[in-house]
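Only one structure is covered here, and it is reproduced in the block below.
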Protein chains: 2
Amino acid sequence: MSQPIRLALIGLGKIAHDQHLPAIANDPAFELVATVSRHGEAIGSLPFFATIDALAESGIAVDAVALCTPPQVRRALAATAIDRGWHVFLEKPPAASLVEASALRALAAAKGVSLFASWHSRHAAGVEPARAWLAERMLRDATITWAEDVRHWHPGQDWIFEPGGFGVFDPAINALSIATRIFPRALFVETAEIEIPANRAAAIAATVRFRDEAGSAIDARFDFLKQGTQSWDIVAHTDGGTLTLSEGGTALAIDGDAKASGADELASEYPALYRRFAELVRAGESEVDLSPLQLVADIHLKARIRIVDPFAW
Amino acid sequence: MSQPIRLALIGLGKIAHDQHLPAIANDPAFELVATVSRHGEAIGSLPFFATIDALAESGIAVDAVALCTPPQVRRALAATAIDRGWHVFLEKPPAASLVEASALRALAAAKGVSLFASWHSRHAAGVEPARAWLAERMLRDATITWAEDVRHWHPGQDWIFEPGGFGVFDPAINALSIATRIFPRALFVETAEIEIPANRAAAIAATVRFRDEAGSAIDARFDFLKQGTQSWDIVAHTDGGTLTLSEGGTALAIDGDAKASGADELASEYPALYRRFAELVRAGESEVDLSPLQLVADIHLKARIRIVDPFAW
């Protein structure tokens, strides 16, 4: 049994508290040695710092960092960490742009450290069985519906509507991380409309038609203003029946019969992510699949823009 | 001396007539065997077809195609050509989106044909000496000014303002193909503002601040409404003097002293592209650098959008 990986957690927002801290605490492969957050925050008796440079200067031995900050500042922090020889776990999306993410991949390869661009939704209970089922059938068409209330899930998080914050594509990229995994062919953006509030930079809704390499249509609706029932669903019609992947990838049904389900989506996804990160570090490998980010960039590149009502919390 | 490469030219717009046809005619490595254009167009006594399928069914022996259509239809045509085992020369931009271009690269690799994503501006006379000069100096800051009159250069070409037509990024991607070649470090989009006419989908102007991996600022202005003097200039201030690359990469000056210049930019660029394509085909290799397209996608992903006056020809 090797020594635990000495990990520092950088960025102590909602996702760090809800998911990263419990997942790290329950994984013997990791030892949490410090945290970094803008204003500093004590987690039990753990050393804490306001900047990654202060952490580095503290002399605390660090093998790896997990980056849970908003995407806008992720690249610079990751580059600093890689430069110090630390392995890096990136929350999704891995950076605020494709070139940023690609540069991190090149930097990690040059430094010989492990870089893990994580996509938590790919570890939801229904995703792997969905992939296997679709691999043996011919897709006719599919719909993706990712509709949630930003006021409930991201209360007051203004960064999400700033440039590089992804707006509705912050949740939508989860859908796309699943779609790029379960559908066997590349997805091309055929048409897209993006809705941007008049007082914000990033999208609050989008309607996209993808076509896969075989010509099948995949229609997606991403909505950040959904009240009432929230939807995180992918429905795929094939020559061998209908697949329904719901609750963010957690629940899988074939022709209406439940095949897989997990009680709490994220509570199983983050432990899986940390197991994968430990594997990568032990093996000296990286895992950086940028295809969900490429799709989000392509949507922006090809979209018609519609300016909509201002958004207020 | 090997047999000439039997080439079909697909898409007979302005760039095909102005540049591709003369470059092919003057290059003994190629034999033009057919053309394909939507309405069919006779070039001398050459066989011509309305579709790529009609070309394929004609029984004419083809080794390679050059694709000069608007970007929106490029991927499907290229995929068909690759599927038939033909080598493919792509005008810039190589496709309407990143996933489209990446999929073509994968398809070409799987089929064992040569794919060439061409960037003609990289073959302008001043680009290689500029790259060599900058490699030995430290960049302080730079400006990119690409300002031209769309009404003069693309008269009536409505496709350019449609989704996937790139708008002002059709010329701007030339600037970015040079910038990604001559600057030694990766460029990140720090801030961007894109101006979109109220009656169009694609940008008519943009202001972008890039920062390179070392933190130096590169400010770019792309303008499709420039009257009078047109500008296609990159000016770089370094610790060892000022580099001015003007006329689309054709003219290079260091601290005001001319170092390189070509009489007619495009007239030397396209012959160089065809020489490179012949090399790739002979060597069984592909050349697909998507970094200029990644930057354009990143600009769209991170931009603030400003809706501006409607555009009419």
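The values are calculated or read from the model by the stated rules, or taken from the named source; none is laboratory data. Treat the numbers as computed from the prediction; the structure is a model and nothing was measured. Neighbour counts are summed over all protein chains in view; Cβ atoms, including those assigned to glycine, are modelled from backbone coordinates with ideal geometry. Keep in mind that these areas ignore ligands, DNA and RNA; they rest on the heavy atoms of the full protein, side chains included. Shrake-Rupley method; radii C 1.70, N 1.55, O 1.52, S 1.80 Å.
Comparing the full protein assembly with the isolated chain, the residues of region B:287-313 losing at least 10 square angstrom of accessible surface (1.4 Å probe) are B:Q294, B:A297, B:D298, B:H300, B:L301, B:K302, B:A303, B:R304, B:I305, B:I307. A cut-off of 5 Å between modelled amide H atoms, ignoring neighbours fewer than 5 places along the same chain, links A:T242 with A:D255.
Placing a label point 7 Å from Cα along the Cα-to-Cβ direction at B:A42 gives distances to the equivalent points in the other copies of 9.0 nm, listed shortest first.
Averaged over the residues of B:181-188, the number of partner chain Cβ atoms lying within 10 Å of the residue Cβ comes to 2. Using the alpha carbons alone, the radius of gyration of region B:77-157 stands to its Kirkwood radius in an Rg to Rh ratio of 1.10.
Taking a sphere under 11 Å around the Cβ of A:R74 and counting the other residues whose Cβ falls inside, with K and R at +1 and D and E at -1, yields a net charge of 0. Qualifying GluC sites (Glu not before Pro) in region B:252-313, where qualification requires a DSSP coil assignment and no more than 15 other C-beta atoms within 10 Å, comprise B:E285. Distance from the C-alpha centroid of region B:248-313 to that of region B:71-105: 18 Å, rounded to the whole angstrom. Normalised by 2.2 N^0.38 Å, where N is the number of residues, the C-alpha radius of gyration of the protein assembly as shown stands at 1.00. With N the number of residues in region A:107-266, Rg(Cα) / (2.2 N^0.38 Å) evaluates to 1.09.
Comparing mean-square fluctuations of A:A16, A:A205, A:A76 from a GNM of chain A with C-alpha springs under 10 Å, the top value falls on A:A76.
Return the single residue from A:S177, A:S102, A:S58 with maximal mean-square fluctuation; model: Gaussian network over chain A, springs between Cα atoms under 10 Å. Looking only at A:S177, A:S102, A:S58, the largest GNM fluctuation is found for A:S58. Considering all C-alpha pairs of region A:26-185, those separated by over 20 Å amount to 60%. At a temperature of 25 °C and a viscosity of 0.890 mPa s, determine how fast chain B diffuses translationally according to Stokes-Einstein, using the Kirkwood radius over alpha-carbon pairs as Rh; express D in µm²/s, rounded to the nearest whole number. For the chosen part, D equals 122 µm²/s. Considering all different alpha carbon pairs of region B:5-117, the Kirkwood hydrodynamic radius works out to 13.9 Å.
Dipole check for the protein assembly as shown: with +1 at the C-beta of Lys and Arg, -1 at the C-beta of Asp and Glu, and the Cα centre as origin, the magnitude is about 280 Debye. Taking Lys and Arg as +1 and Asp and Glu as -1, the other residues whose beta-carbon sits under 13 Å from that of B:M138 total -2. Once A binds B, the 1.4 Å probe can no longer reach about 2800 Å² of accessible area, counting both sides.
Placing a label point 7 Å from the Cα of B:P184 along the Cα-to-Cβ direction, the distances to the matching points in the other copies come to 4.8 nm, shortest first. Distances between copies at B:A110, taken between label points 7 Å from Cα along the C-beta direction, are 3.3 nm in increasing order. Which pairs, out of B:K14/B:K226; B:K92/B:K259; A:K259/B:K111; A:K92/A:K226, put more than 29 Å between their alpha-carbon atoms? Check vs 29 Å cut-off fails for A:K259/B:K111. Calculated [222 nm] ellipticity per residue, helices only, for chain B: -9000 deg cm²/dmol; basis is -39500 (n - 2.57) per DSSP H run with n ≥ 4, divided by all residues, nearest 500. Under the rule that an exposed site lies in a DSSP loop and has at most 16 other Cβ atoms within 10 Å, name the longest stretch of chain B with no trypsin sites (Lys or Arg not before Pro) of that kind, not counting the sites themselves. Between the exposed loop sites, the longest stretch runs B:186-313.
Average accessible surface for chain A: 39 Å² per residue, computed with a 1.4 Å probe over protein heavy atoms with every protein chain in place.
Legend: Rg and Dmax of region A:94-135, from Cα coordinates, 14.4, 39 Å.
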